[in-house]
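Working notes, beginning with the structure itself.
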Amino acid sequence: MKIMKRPNILLTGTPGVGKTTLGKELAQRTGLVYVNIGDLAQEGQLFDGFDDDYQCPVLDEDRVVDELEDKMVDGGVIVDYHGCDFFPERWFHIVFVLRTDNTNLYSRLESRGYTGKKLQDNVQCEIFQTIYEEAMEAYKEDIVHQLPSNKPEDLESNMERIIEWMDQWIKNNN
Ligand code: DAT
């Protein structure tokens, strides 16, 4: 029996926009595998150096890519990360950039314990739509979509939209 092909989905955007919330829920609803790049790096200690400005370890992007390659070739993976330009372009069938209004994001990051420069830089990252532009550079523009992520109803409608897209993709590719 041939195994059904399933798409790989990238969820990206500024920290705090709701990637993890959406990704985990989506995995539960679809049976796709959820991979949080931060957690993966932590577990495998896939780091290369330390960032003194942000007081955090620096991701070893090459080792992250090597670690995930086999899984991505199989398909059916949801990847969650606040960056997107170091993954192989061929990995993803669709890219969603989650977007949150500034004031909303500010309070989410503040309650996560972010302060000072780290808080300001992340809110600025969202204001300047840095990740959206990064995604538009790294992938074909027609597979990059923005999703509003401000309120619980957004979570629900984003989920429905992605599931609808996925069902169609599976029909077209099997
Ligand atoms: P990320 O993984 O992008 O860093 P998260 O999933 O941890 O973000 O969410 C950050 C916070 O925002 C968390 O407290 C849950 C909340 N949140 C996520 N999606 C939301 C939505 N659609 N409406 C309201 N709050 C949301």
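Each reported figure results from applying straightforward, stated rules to the coordinates on display, with no laboratory input. This is a predicted model, so every value here is computed, not measured. Positions of Cβ are backbone-derived with ideal geometry, glycine not excepted, and every protein chain shown enters the neighbour counts.
Arrange the following residues from fewest to most other Cβ atoms within 10 Å of their Cβ: CYS56, CYS84, CYS125.
Ranked by crowding around the Cβ, least crowded first: CYS56, CYS125, CYS84.
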Hey, could you get me the Stokes-Einstein D for the stretch 78-125, Kirkwood radius over alpha-carbon pairs, 25 °C and 0.890 mPa s, rounded to whole µm² s⁻¹? 194 µm²/s
With MET159 itself left out, Lys, Arg at +1 and Asp, Glu at -1 over residues whose Cβ is under 15 Å from its Cβ give -3
I'd like the projected area of the stretch 1-58, averaged over all directions, using the convex hull of its alpha carbons. Report it in nm² with one decimal. 5.9 nm²
Computed label-point distance, nm, for sites MET136 and THR103 using a 7 Å Cα→Cβ extension: 2.6 nm
On average over all directions, what projected area in square nanometres does the chain have, based on the convex hull of its Cα atoms? 10.5 nm²
Anyone know which of ASP142, ASP62, ASP74 comes out most mobile in the 10 Å Cα GNM of the chain? ASP142
Take ARG161, ARG90, ARG99 and order them by how many other Cβ atoms sit within 10 Å, fewest up front. ARG90, ARG161, ARG99
Within the chain, excluding any chymotrypsin sites (Phe, Trp or Tyr not before Pro) found in a DSSP loop (not H, G, I, E or B) and having at most 14 other Cβ atoms within 10 Å, the longest uninterrupted segment runs 1-53
